[in-house]
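Since every read-out is calculated from the coordinates, none of them should be taken as a lab result. As the structure is a computational prediction, the values presented were derived from the model and not from experiment. As a convention, Cβ positions derive from the backbone with ideal geometry for all residues, glycine included, and neighbour counts pool all protein chains shown.
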Amino acid sequence: MLRLFKKRCTLCKKQEENLTTYKDRINQTLHVCSVCKDYAERRAFQKIV
């Protein structure tokens with residue numbers, strides 16, 4: 001039941017409840033965990049508010 005409420009990080013596949021949403025160059029939505037957040041910012045993904 002708990003798995004339904006948790007999404008997976010697009011980069012490392014780790015399950016978390018609070019993920020940050022980014023967009024890449026092709027406008028695909030990426031859900032990124034707190035560990036991979038630095039990597040996503042280095043790759044210049046656009047943060048969606």
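Go through (1) surrounded by fewer than 12 Cβ atoms within 10 Å (Cβ to Cβ); (2) in contact with a His (Cβ under 8 Å, 6 or more places away or on another chain) for CYS9 and report which single condition fails.
The single condition CYS9 does not satisfy is (1).
Within region 12-28, restricting attention to residues that are polar (S, T, N, Q) and within 8 Å of the chain's Cα centre (by Cα), which residue is surrounded by the most Cβ atoms within 10 Å (Cβ to Cβ)?
THR20
Out of the residues in region 39-49 that are within 11 Å of LEU11 (Cβ to Cβ) and of a type outside the set (A, V, I, L, M, F, W, C), which is surrounded by the most Cβ atoms within 10 Å (Cβ to Cβ)?
Of everything passing the filter in region 39-49, ARG43 is surrounded by the most Cβ atoms within 10 Å (Cβ to Cβ).
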